[in-house]
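Note sheet for the following structure.
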Amino acid sequence: MSRPSVEDAAGRQQATGSTSPSPSPSDTEPLDPLREAELLYALLHDAKQRLSRLLAALKHQQRHSRAVRAAMDSLRQLRLEP
């Protein structure tokens with residue numbers, strides 16, 4: 001799966017989630033504060049969506065684990081003998 005990309009302030013494509021450091025402001029054209037704010041907003045929106053999906057998956061896993069634990073406890077209480 002490819003990572004989505006966004007444009008930096010100078011209009012160049014950058015992959016989101018990249019671990020490489022961004023060029024320092026002295027290495028690029030002057031920053032457009034409005035464009036930077038839009039890019040940051042888009043990145044934060046993506047992070048919020050990803051966090052929401054992660055939290056939903058964790059809650060689902062927690063409910064599933066609780067159900068399995070309750071089922072195992074019920075089976076132990078039956079004390080079935082072979």
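Every number here is computed from the coordinates shown, using simple stated rules; none is lab data. In this text the structure is predicted, and so the values were computed from the model without any measurement. Reconstructed Cβ throughout: ideal geometry from the backbone, glycine too, with neighbour counts over all protein chains shown.
The ranking of E81, E38, E29 from fewest to most other beta carbons within 10 Å of each one's beta carbon is E81, E29, E38.
The slack between R66 and L44, meaning 0.36 nm per residue of separation minus the straight C-alpha distance, is 4.7 nm.
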